[in-house]
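Comments concern the structure below.
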């Protein structure tokens, strides 16, 4: 696939705005439509596009599977940890009132933490699923294209 120069150049121009848009959806999710799940899927799309254009081996070099496993575990830990810390402070699970000096700020911080955990988990799980499926498909050589 080394002779697909236009695809590689276009992908290099598209991947940064895709990641930037995913960050926008992530941090805008508590004020409007969007949030962790949507941002995680958009973020994963950037890396899946990278793998489709540059190859699965290039993706695994950039984003090793051990790092992926750690990150999706960390995302679940952030989500659940936010709830368990609330229980530690005598509140209900995912009651964010312990996070701020007033309920409005506490809700903002809580939803940001939870949505970040969801986004991290969704993005890394989507990438892991793509790698699992793509690694089982026999490669098509450049001559067949």
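The values are calculated or read from the model by the stated rules, or taken from the named source; none is laboratory data. Owing to the predicted nature of the structure, the values given are computational and were not obtained by experimental measurement. Virtual Cβ from ideal backbone geometry, glycine too; neighbours counted across all protein chains shown.
Data for the structure
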quantity: Condition check for residue 79: farther than 26 Å from residue 14 by Cα, in contact with a helix residue (DSSP H, G or I) (Cβ under 8 Å, 6 or more places away or on another chain), surrounded by 12 or more Cβ atoms within 10 Å (Cβ to Cβ) and at pLDDT below 90; calculated: no
quantity: Candidates 94, 49 - the one that is surrounded by 15 or more Cβ atoms within 10 Å (Cβ to Cβ) and outside any helix (DSSP H, G or I); calculated: 94
quantity: Residue list for region 17-38, restricted to those being surrounded by 15 or more Cβ atoms within 10 Å (Cβ to Cβ) and either in contact with a strand residue (DSSP E or B) (Cβ under 9 Å, 6 or more places away or on another chain) or in a helix (DSSP H, G or I) (or both); calculated: 18, 19, 21, 22, 25, 26, 27, 36, 37, 38
quantity: Sole exception among (1) at pLDDT 90 or above; (2) in contact with a helix residue (DSSP H, G or I) (Cβ under 9 Å, 6 or more places away or on another chain); (3) more than 22 Å from residue 114 (Cβ to Cβ) for residue 2, by number; calculated: (1)
quantity: Lone qualifier among 41, 118, 125 - being part of a helix (DSSP H, G or I) and closer than 24 Å to residue 12 by Cβ; calculated: 41
quantity: Filter result for the condition that a residue is out of contact with any helix residue (DSSP H, G or I) (no Cβ under 6 Å at 6 or more places or on another chain) and crowded, with 18+ Cβ neighbours inside 10 Å, over 88, 54, 72; calculated: 54
quantity: Criterion: out of contact with any strand residue (DSSP E or B) (no Cβ under 9 Å at 6 or more places or on another chain) and in contact (Cβ under 8 Å) with a residue 60 or more places away in the chain - qualifying residue of 86, 80, 44, 58; calculated: 44
